[in-house]
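Take a look at the structure set out below.
The values are calculated or read from the model by the stated rules, or taken from the named source; none is laboratory data. Since the structure is predicted, the reported quantities are computational estimates derived from the model, not experimental observations. Using ideal geometry, Cβ is built from the backbone for each residue, glycine included, and neighbour counts are taken over all protein chains shown. Just the protein is used for accessible areas: all its heavy atoms, side chains included, with ligands, DNA and RNA removed. Shrake-Rupley method; radii C 1.70, N 1.55, O 1.52, S 1.80 Å.
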Amino acid sequence: MGNSDETRMIDDESVGIDAAVWEETADELLADGPYDPKLGKEMSRDAVRVSTGRMTEAEFHEKYHDAVLEEFGVDDRPIDTGDADE
């Protein structure tokens with residue numbers, strides 16, 4: 001993988017971990033699981049973006065809704081819509 005912002009899985013400065021170490025660890029952890037490891041890495045990368053304010057929870061939910069439905073058959077992830085009446 002290159003070192004551009006688009007291809008790096010995480011930003012070293014934002015999470016305090018070396019990107020190469022994170023990616024190797026993620027590959028090892030996800031390889032043995034029953035679910036799509038590529039989806040897991042993509043979601044974890046974007047979860048870091050949510051935690052650092054570079055992506056909203058709503059954007060995250062929207063981006064992965066279809067993939068979560070396909071992988072798990074249901075998307076019960078909570079999402080704050082900003083509407084207090086719901």
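What the table shows:
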| item | result |
| --- | --- |
| Top-ranked residue in the stretch 40-70 [being assigned to a helix (DSSP H, G or I), of a type in the set (Gly, Ala, Ser) and over 23 Å from Glu24 (Cβ atoms); ranked as most open to solvent (accessible area, probe 1.4 Å)] | Ala58 |
| Test for Asp36: is it at pLDDT below 90 and open to solvent by 50 Å² or more (accessible area, probe 1.4 Å) | no |
| Where Pro78 falls short, out of the listed (1) assigned to a loop (DSSP other than H, G, I, E, B); (2) at pLDDT 85 or above | (2) |
